[in-house]
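Any read-out appearing in this document is the output of simple, stated calculations on the displayed coordinates, not a laboratory observation. Bear in mind the structure is a predicted one, so any value in this text is a computation, not a measurement. Note that each Cβ is placed from the backbone with ideal geometry, even for glycine, and that neighbours are counted across all protein chains shown.
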Amino acid sequence: MRAFAIFVGLIALGLAGIAILGYPAWLVISPFLDNPKFHRISSRVGMALLIVGFIYVARHLKLADRKSMGFDLPWKEFAAQVGKTLFFGALLMMPAVFMMLSFDLLKPPAKPPTVGWIHIVLGGVITGLTVAVIEETFLRGAMLTAIQRESGAKAAILLTALLYATVHFLGSYRVQPAHVDAGSGIDMLTHTLGVFAQPSHIVDSFLCLLVIGVLLGMVRVRTGNIAAPIGFHAGCVAVIYVVREYSDRRQDAPWAWLLGQIDGFIGWLVFGWTLVIGVTLTWWYRPRARSLAGGKSPPSLTPSPQSSES
């Protein structure tokens, strides 16, 4: 578990940066911004420390190559796989959205969108790809490879999924500019971690994210790269982005408990649907004797043996 501990340490390093360096960074940077926000400045500091630490760890654990990071496909093929799985990832989420609508769980937003639906969809795709590339490179790229070398694929899939689910509950606390002081970084970290003191509020979202993380890890292991995980991840994020722009959670609905309390989307309903998706993806990305004999994993969304040789 040494590799897992190292990557958890990287997350801890980033959080420590928020607590210790957030306020000094605020003093230096905020005078140059029209609308400074403490959580953004401190989070960027934490992210910078995480990136520096990640580069060091990647070199130290011999992960600083395309194969270890999951980028070993030719770039055109990699981009094509991302595009295909992004589309299918978004498509697979649509039944969950339709169920939300049929159960009357969504209502028009308090503030209607000020831009057209094309801009919102593009914003969702760009946001999805940005989030997916960063998270998949760290988790299903370097971290999964490091743990798999040390403890095997099953442990790698589960441990990366646990960390994936956990980090989604970090960084939700906000400090108003007028209230920023030397203790704001520690306050932000304390409130951020405080969400785990109320497990009943996050159990639905946590389990849902855990299952999603397991599925993404399974796809990563069986394809040998992170193209498909990036695409599926981005597709899901894009759908959530669009739904949030066009609707709010109807908290007074009889079935409102099906939606997550944290973000109003990822909850028991999506958890149940993700299990259905999981059966489908497990079958689709099942190991194929011919691919395994050749030392290769079956390519994403290309089930026929002939296409695995192209």
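Miscellaneous remarks
- Distance between the modelled labels on Asp263 and Lys154, one decimal in nanometres: 2.9 nm (7 Å Cα→Cβ projection).
- Within the chain, the selection of entire DSSP H helices by a Cα span of 30 Å or greater along the long axis and an average Kyte-Doolittle value of at least 0.5 returns 2-29, 38-60, 75-102, 199-223.
- For a label point 7 Å along the Cα-to-beta-carbon line of Ile6, residues of the stretch 67-106 with backbone N under 20 Å: 67-72
- Exposure here means at most 16 other Cβ atoms within 10 Å; with trypsin sites (Lys or Arg not before Pro) in a DSSP loop as sites, the longest stretch of the chain lacking them is 175-295.
- Computed extension gain for Ile126 through Arg286, at 0.36 nm per residue and net of the alpha carbon distance, reaches 54.6 nm.
- Relative compactness, the stretch 116-188, computed as alpha-carbon Rg over 2.2 N^0.38 Å: 1.57
- Summary of the geometry: the stretch 1-51 and the stretch 237-254, compared by the centres of their Cα atoms, lie 30 Å apart.
- Cα centroid separation, the stretch 155-200 to the stretch 87-146 (Å): 21
- The chain - percent relative contact order, Cα under 8 Å, separation 6 or more: 27
- In the chain, the DSSP-assigned H stretches of four residues or longer account for a calculated mean residue ellipticity at 222 nm of -22000 deg cm²/dmol, using -39500 (n - 2.57) per stretch and the full residue count as denominator.
- Hydrodynamic radius (Kirkwood) for the chain, which is based on Cα pairs only, to one decimal in Å: 20.8
- If you count Lys pairs in the chain whose Cα atoms are under 22 Å apart, skipping same-chain pairs closer than 8 places in sequence, the total is 11.
- Residue-count net charge about Ser42 - beta-carbon cut-off 12 Å; Lys, Arg +1, Asp, Glu -1: +3
- Highest GNM mean-square fluctuation among Leu122, Leu15, Leu258, for the chain modelled with Cα contacts below 10 Å: Leu122.
- Database remark: amide H of Asp248 closer than 5 angstrom to the amide H of Lys107 (H placed geometrically; neighbours at sequence offset of 5 or more, or on other chains; Pro and chain starts carry no H).
- Stretching the chain fully between Val52 and Gln251 yields a gain of 67.4 nm (0.36 nm per residue, less the alpha carbon separation).
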